[in-house]
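Step one of this worksheet: look at the structure below.
The values are calculated or read from the model by the stated rules, or taken from the named source; none is laboratory data. Computed from a predicted structure; not experimentally measured. Positions of Cβ are generated from backbone atoms using ideal geometry, with glycine treated the same way; all protein chains shown enter the neighbour counts. Side chains are part of the model used for accessible areas, which takes the heavy atoms of the whole protein and leaves out ligands, DNA and RNA. Shrake-Rupley method; radii C 1.70, N 1.55, O 1.52, S 1.80 Å.
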Amino acid sequence: DSRPFNPYLELLDTRQSWDEGTDIHLMEYVSPISNTLDACSYRDTPIRSSSGGLSFYFLNIDGCKTNFLEFEAITGLMEQNFDIFLLAETNTRSDDESNCFSLPGYNQDYLHNITSKQKGAGLALYHKPEVGLQVNVRHTCQSFEALGGIISRPGEEDLHIIAIYRYHDKAFDFDIFINEMDAFLFHQGRNTVLLGDFNLNLFNSDNSRVLPRSAFITRLFP
């Protein structure tokens, strides 16, 4: 029920056709990696979304240029794909660039990197056309950014779906973040699904930079 996965085998198989300028020391790095991967395998089990209702999948992709192909491969393993994918830290800078990272069968919307950050920002929202999601939230402030939309159904309360990413900042001020979140959520609907990467350590510890879970939850959802 498992299959080996080793993309380096093809590189090793074609080493005889390498150009003369190829770094001869490359093999010193490729061979150990290949041997390690030969000893690994991944379980060939379909990833399932929810069996009914609306389904979501949130991921900090840590750069579309680096990891989008792997993300797309994961979606290919899903027996039943999610209705909505939300990605954080996409690090894209323009619509032209972002359109290279499309997902078949999904509409796509982006919030690009803010000017002051070279990386560690950007959101993407992929949604099936039949879901009927209309993007109406594109928000940036000092401590976080948000991208989201609304789903309206006859006879039902509107549903708001929002992705949040709090920038990683060594000089993080929790009070500023919470105040900005309070102001932002005040303008959102009561029926809201909030998904995100808040870059907060919520485990109790003697470390003064660690935030207790109760403090975060109480301040964000009083």
| said: Quick check on this structure: which one of 130, 157 is outside any strand (DSSP E or B) and at pLDDT 90 or above? | reply: 130
| Any residue in the range 91-109 that is open to solvent by less than 30 Å² (accessible area, probe 1.4 Å), modelled with pLDDT of 90 or more and among the β-branched types (Val, Ile, Thr)? | no
| query | Can you tell me which of 202, 195 is surrounded by 13 or more Cβ atoms within 10 Å (Cβ to Cβ), at pLDDT 80 or above, out of contact with any Asp or Glu (no Cβ under 6 Å at 6 or more places or on another chain) and not aromatic (Phe, Trp, Tyr)? | reply | 195
| task | Output the residue which, of all residues in the range 133-146 that are part of a strand (DSSP E or B) and in contact with an Asp or Glu (Cβ under 7 Å, 6 or more places away or on another chain), is farthest from residue 198 (Cα to Cα). | result | 135
| request: Of the conditions (1) touching a His at 6+ places or on another chain (Cβ under 9 Å); (2) without any contact (Cβ under 8 Å) to a residue 12 or more places away in the chain, residue 122 clears all except one; give me its number. | output: (2)
| said: Go through the range 142-172 and report how many residues are farther than 20 Å from residue 113 by Cα, in contact (Cβ under 8 Å) with a residue 12 or more places away in the chain, acidic (Asp, Glu) and open to solvent by 70 Å² or more (accessible area, probe 1.4 Å). | reply: 1
| Quick one: is residue 179 surrounded by 12 or more Cβ atoms within 10 Å (Cβ to Cβ), within 23 Å of the chain's Cα centre (by Cα) and either at pLDDT 85 or above or not acidic (Asp, Glu) (or both)? | no
| query | Considering only the range 160-177, how many residues are in a helix (DSSP H, G or I) and in contact with a Leu (Cβ under 7 Å, 6 or more places away or on another chain)? | reply | 1
| message | Residue pairs, Cβ under 9 Å, 6 or more apart or interchain, first in the range 181-195 and within 18 Å of residue 167 (Cβ to Cβ), second small (Gly, Ala, Ser) and part of a loop (DSSP other than H, G, I, E, B). List them. | response | 181/143
| task | Of the numbered conditions (1) out of contact with any Lys or Arg (no Cβ under 8 Å at 6 or more places or on another chain); (2) at pLDDT 75 or above, residue 40 fails exactly one; give the number of that condition. | result | (2)
| remark: Expected single match for among the charged types (D, E, K, R), within 30 Å of residue 147 (Cα to Cα) and either at pLDDT below 60 or part of a helix (DSSP H, G or I) (or both) among 70, 10, 79, 20 is 70
